[in-house]
Amino acid sequence: QGQLVESGGGLVQAGGSLRLSCVASGRIFMINFMGWYRQAPGKQRELVATMASGGSTAYADSVKGRFTISRDNAKNTVYLQMNSLKPEDTAVYYCNAAIRRVVTSPPSIYWGQGTQVTVSS
């Protein structure tokens with residue numbers, strides 16, 4: 001019934017900024033965590049940033065100081081603000097979330113379809 005949908009990807013020049021959005025739809029009792037991963041061609045998918053239900057955040061070393069994860073609980077949305085983008089940030093970015101749909105069910109893991117971010121030099 002529910003899904004994660006990312007948006008905000010695109011083409012940007014080095015040094016520019018983008019903000020990615022991920023919206024969780026369907027019935028939601030609790031979102032335990034939401035995060036962002038990315039995968040470049042020929043590379044393993046890697047963690048970019050996560051936010052736990054209590055608000056704690058974690059970032060990959062490569063993006064610290066440049067990327068910021070945030071959320072809007074009322075909109076069931078998580079954001080990734082990406083500043084000072086570098087060509088090496090080019091990848092498909094995926095939203096990830098652990099969602100409890102109802103109080104009687106354990107959380108399930110969801111992945112978005114991915115959104116392409118391309119940074120030109």
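Screening region 8-65 for residues that are aromatic (Phe, Trp, Tyr) and touching a residue at least 24 places away in the same chain (Cβ under 8 Å) and picking the one that is surrounded by the most Cβ atoms within 10 Å (Cβ to Cβ) gives Trp36.
If you go through region 84-93 and keep only what is over 20 Å from Gly114 (Cα atoms) and crowded, with 19+ Cβ neighbours inside 10 Å, you end up with nothing. If you go through region 58-95 and keep only what is polar (S, T, N, Q) and in contact with a Ser or Thr (Cβ under 7 Å, 6 or more places away or on another chain), you end up with Thr77, Gln81, Asn83, Thr90.
Restricting Val119, Val92 to those that are within 22 Å of Val5 (Cα to Cα), among the aliphatic types (A, V, I, L, M) and touching a helix residue (DSSP H, G or I) at 6+ places or on another chain (Cβ under 8 Å) reduces the list to Val119.
Rundown of residues vs (1) closer than 22 Å to Leu11 by Cα; (2) under 12 Å from the mean Cα position of the chain (by Cα), yes/no style:
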| residue | (1), (2) |
| --- | --- |
| Phe29 | no, no |
| Met34 | no, yes |
| Arg38 | yes, yes |
| Gln44 | yes, no |
| Met51 | no, yes |
| Thr68 | yes, yes |
| Arg71 | no, yes |
| Ala74 | no, no |
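On the basis of being within 12 Å of the chain's Cα centre (by Cα) and either exposed (fewer than 13 other Cβ atoms within 10 Å of the Cβ) or free of Cβ contacts under 8 Å to residues at least 12 places away in the same chain (or both), does Gln81 make the cut? No. All of (1) farther than 19 Å from Val119 by Cα; (2) part of a loop (DSSP other than H, G, I, E, B); (3) of a type in the set (Val, Ile, Thr); (4) open to solvent by less than 60 Å² (accessible area, probe 1.4 Å) hold for Val103 with one exception: (4).
Checking the condition among the polar types (S, T, N, Q), touching a residue at least 12 places away in the same chain (Cβ under 8 Å), over 16 Å from Met34 (Cα atoms) and open to solvent by 40 Å² or more (accessible area, probe 1.4 Å), which residue from Ser121, Ser70 passes? Answer to the check: Ser121.
The values are calculated or read from the model by the stated rules, or taken from the named source; none is laboratory data. Computed from a predicted model, the values in this text were never measured in an experiment. Quick reminder, even Gly has a Cβ in these numbers, built from the backbone with ideal geometry, and neighbours come from all protein chains shown. With ligands, DNA and RNA removed, areas are computed over all heavy atoms of the protein, side chains included. Shrake-Rupley method; radii C 1.70, N 1.55, O 1.52, S 1.80 Å.
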